[in-house]
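Reading through the structure tokens given below for one structure.
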Amino acid sequence: MEPNAQVAPTSIVVMGVSGSGKSTVAAGLVDRLGWDFAEGDDFHPKANVEKMRSGQPLDDDDRWPWLRTLAGWIGEHEQAGTSAIVTCSALKRSYRDLLRDGHPSVWFAHVTVDAELLRDRVQKRAGHYMPPSLLESQLATLQPLQDDEQGVSVSGAGTPDAVVDEVLARLAADRGPAGT
Ligand SMILES: Nc1ncnc2c1ncn2[C@@H]1O[C@H](COP(=O)(O)OP(=O)(O)OP(=O)(O)O)[C@@H](O)[C@H]1O
Ligand SMILES: O=C(O)[C@H](O)[C@@H](O)[C@H](O)[C@H](O)CO
């Protein structure tokens with residue numbers, strides 16, 4: 001598999017640890033691009049959500065079936081020729097390998113936020129099943145997006161609009177004049 005396949009990116013996976021701002025950035029991208037959208041967390045089996053709610057981090061075995069479901073969603077959109085945006089923590093490179101395997105249009109937008117800001121955001125967020133205590137394991141598991149992976153890493157510390165602008169600028173550059 002070729003991580004940097006030269007295919008116009010039409011499937012954006014907004015990735016990052018819990019609380020980094022994936023949903024917020026994805027909403028901004030959907031507003032600006034009008035592409036189809038799915039919240040990756042909605043595809044977690046109930047057992048995964050209950051595990052996180054009880055304060056236990058997911059492991060690879062918990063995540064593989066979920067990631068395969070998301071890859072299927074991406075594949076359906078690719079096949080239909082429909083551009084799409086999905087949020088997914090995609091914490092490890094091997095998870096991203098699964099998502100892009102056979103799906104050359106996949107392009108990652110990694111929203112990065114330092115641990116202090118992350119704790120602050122998650123502690124202020126009410127009514128979410130993900131307890132702040134799981135942040136450390138999210139950060140320990142994270143393998144940041146690498147240079148040879150199609151996509152962009154952006155700091156999520158700015159305003160949502162600024163983060164979205166930065167993602168879109170890089171997306172436009174990667175899509176080239178024909179991909180607008
Ligand atoms: N750029 C930003 N500036 C200020 N606050 C932000 C920004 N992005 C997100 N937030 C806030 O931080 C919190 C986490 O954001 P969000 O839910 O988008 O993250 P997430 O990565 O989708 O989280 P999870 O994966 O746990 O669902 C929310 O309360 C959101 O309003
Ligand atoms: O891979 C994981 O551990 C999970 O996807 C988590 O990241 C949460 O589902 C999500 O971020 C919601 O808080």
key: Entirely in the range 72-146, the helices (runs of 4 or more DSSP H) that have 1 or more residues that are more than 18 Å from the chain's Cα centre (by Cα) and among the aliphatic types (A, V, I, L, M)   = 115-124
note = Here the residues within the range 63-96 that are within 24 Å of PRO144 (Cβ to Cβ) and touching a Pro at 6+ places or on another chain (Cβ under 8 Å) are TRP66
query = So, of the residues in the range 40-50 that are away from ligand 1 (no atom under 12 Å from the Cβ) and under 15 Å from HIS128 (Cβ atoms), which turns out to be surrounded by the fewest Cβ atoms within 10 Å (Cβ to Cβ)?
reply = GLU50
key: Selected residue (criterion: farthest from ligand 1 (Cβ to nearest atom)) from residues of the range 122-163 that are farther than 30 Å from LYS51 by Cβ, without any contact (Cβ under 8 Å) to a residue 60 or more places away in the chain and of a type outside the set (S, T, N, Q)   = ASP147
key: Given (1) assigned to a loop (DSSP other than H, G, I, E, B); (2) of a type in the set (A, V, I, L, M); (3) touching a Ser or Thr at 6+ places or on another chain (Cβ under 8 Å), index of the condition ALA157 fails   = (3)
inquiry  = Please verify whether GLU166 is crowded, with 18+ Cβ neighbours inside 10 Å and either in a helix (DSSP H, G or I) or within 10 Å of ligand 1 (Cβ to nearest atom) (or both), treating the condition exactly as stated.
reply    = yes
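Only the coordinates and a few stated rules stand behind these numbers; no lab work does. It should be emphasised that the depicted structure is a prediction, and the values quoted were computed from it without experimental measurement. We place every Cβ from the backbone using ideal geometry, glycine too, and count neighbours over all the protein chains shown.
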